[in-house]
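Okay, structure first, notes after.
The values are calculated or read from the model by the stated rules, or taken from the named source; none is laboratory data. Bear in mind the structure is a predicted one, so any value in this text is a computation, not a measurement. Because the Cβ atoms are built from the backbone with ideal geometry, glycine has one as well, and the counts that use them run over all protein chains shown. Calculation scope for accessible area: heavy atoms of the full protein, side chains included, ligands and nucleic acids excluded. Shrake-Rupley method; radii C 1.70, N 1.55, O 1.52, S 1.80 Å.
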Amino acid sequence: MWLIDELFDRVANITDPNQPELGPMDATFLFAMSTLILSLPIERLEKHRRREEAGEQGYMDDRPLDPVTAKEVDAVLGPDGTRFDKSPVYISGAWQFASIEYVAGQNLAVEFPDELAGALSNPAASAAANAISARQWINCLRNALAHGGIVYLDEDGQQAKGGVTRMMGFVSAIYPNGNMRKPPERLIALRTTPSHFRRTLQKWVCWVQHIGLSERLAA
């Protein structure tokens, strides 16, 4: 986060010399940096909750090292847990959430579905983001960042092909019985702006530091 805060103003004025029409590289910078900021707490704590409940041990599991912190993470990101708008990282009006049925053969790398773009632009998408759980919010982000489900969007929420990025999309999928070898049943997506995403990351880091997780992971 320190690197983001130190470099962001410079990055916001840097364009690809070969493609200046794409605008500043602020969204690309945030996509890259946030992967590390968001992934570690999920991969090393929250992800192993159900393994622990089943009496199993994850191979990179921080839960036994600091049960108090693990319980704090559970309280905010648990499966039945806190609504996103009640979580420590919430910013009013910053996020939109939508879900649509997956159509066989859809390839979002080629064409961002109009149905999904429209659902994210609907005023109901902000209320939907408020109502999802913090766990669903962070896991959608984590899955999108880890598996390439990121989308550069323009000011209308459409794929920013050859133009300036104004919004950032994070797309994940729901699979039948969790079987990722089958086509997904639904697509779920979050949307925000680069400035709101940066503010959310700042709140996330403040929370991680508050519960002591940053010291544990650094050790």
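Whole-Hz Karplus ³J(HN,Hα) for segment 81-94, in order, using 6.51 cos²θ - 1.76 cosθ + 1.60 and θ = phi - 60°, x for Gly and Pro?
Karplus-based 3J(HN,Hα) across segment 81-94 equals x, 4, 4, 4, 6, 10, 8, x, 9, 6, 10, 4, x, 7 Hz.
Tell me which residues come under 5 Å, amide H to amide H, from residue 83 once H is placed; ignore anything under 5 positions away on its chain.
134
For all pairs of alpha-carbon atoms in segment 20-81, what percent lies in each bin of width 10 Å, listed from the first bin to the last filled one?
P(r) over segment 20-81, rounded to whole percents: 20, 40, 20, 13, 7, 1.
Using the Karplus curve 6.51 cos²θ - 1.76 cosθ + 1.60 with θ = phi - 60°, what ³J(HN,Hα) values do you get for each residue of segment 30-37, in whole Hz, with x for Gly and Pro?
For segment 30-37, the Karplus curve yields 5, 4, 5, 6, 6, 4, 6, 4 Hz.
Give me, ordered by chain and number, the residues 5 or more places off residue 25 or on other chains with an amide H under 5 Å from its own placed amide H.
HN-HN under 5 Å from residue 25: 14.
Considering the Cα trace of segment 90-140, what is its radius of gyration and what is Dmax, both in angstroms?
Final numbers for Rg and Dmax: 12.2, 36 Å.
Within the chain, which is the longest segment containing none of the trypsin sites (Lys or Arg not before Pro) that sit in a DSSP loop and have at most 12 other Cβ atoms within 10 Å?
Values: sites that count: 161, 181.
By the stated rule (loop sites, at most 12 other Cβ atoms within 10 Å), 1-160.
Could you tell me whether segment 93-174 comes out rounded, prolate or oblate from its Cα gyration tensor? Rule is a ≥ b ≥ c as square roots of the eigenvalues, rounded for a/c under 1.5, then prolate if a/b exceeds b/c, otherwise oblate.
Working: a/c = 1.41, a/b = 1.19, b/c = 1.18.
Rounded shape, in that the Cα axes give a/c under 1.5.
Express the Stokes-Einstein translational diffusion coefficient of segment 7-157 in µm² s⁻¹, to the nearest whole number, given a Kirkwood radius over alpha-carbon pairs, 10 °C and a viscosity of 1.306 mPa s.
On the way: Rh = 17.8 Å.
Taking Rh from Cα pairs, D becomes 89 µm²/s.
Would you pull out the residues with amide H under 5 Å of residue 61's amide H, same chain only if 5 or more places away, H placed 1.01 Å from N?
Long-range HN contacts for residue 61: none found.
Would you mind getting the accessible area per residue of the chain, heavy atoms of the protein chains only, 1.4 Å probe, in Å²? Walk me through the numbers on the way to the answer.
Details: 11550 Å² over 219 residues.
Value returned for the chain: 53 Å² of accessible area per residue.
Relative to a virtual label point 7 Å from the Cα of residue 53 in the Cα→beta-carbon direction, which members of segment 172-207 show backbone nitrogen distances below 18 Å?
177-179
As a test of the formula, what do you get for the chain when each DSSP H run with n ≥ 4 contributes -39,500 (n - 2.57) and the sum is divided by the residue count, at 222 nm and rounded to the nearest 500 deg cm²/dmol? Present the calculation step by step, with values, prior to reporting the outcome.
Working: 9 runs with 98 residues, N = 219.
After summing the helix terms and dividing by the residues of the chain, the value is -13500 deg cm²/dmol.
When the accessible area of the chain is split by element with a 1.4 Å probe, what percent falls to carbon and sulfur? Intermediate values should be presented prior to the final figure.
Working: 5970 of 11550 Å².
With neighbouring chains kept in place, the figure for the chain is 52 percent.
Convert each backbone phi in segment 13-28 into a coupling constant with the Karplus relation 6.51 cos²θ - 1.76 cosθ + 1.60 (shift: θ = phi - 60°), then list the ³J(HN,Hα) values in order as whole Hz, x for Gly and Pro.
10, 9, 10, 5, x, 8, 9, x, 5, 7, x, x, 9, 5, 5, 4
Note the per residue figure in Å³ for the convex hull of the C-alpha positions in segment 68-117. Spell out each step's value before the answer.
Numbers: hull volume 7.1 nm³, N = 50.
Normalising the Cα hull of segment 68-117 by residue number yields 142 Å³.
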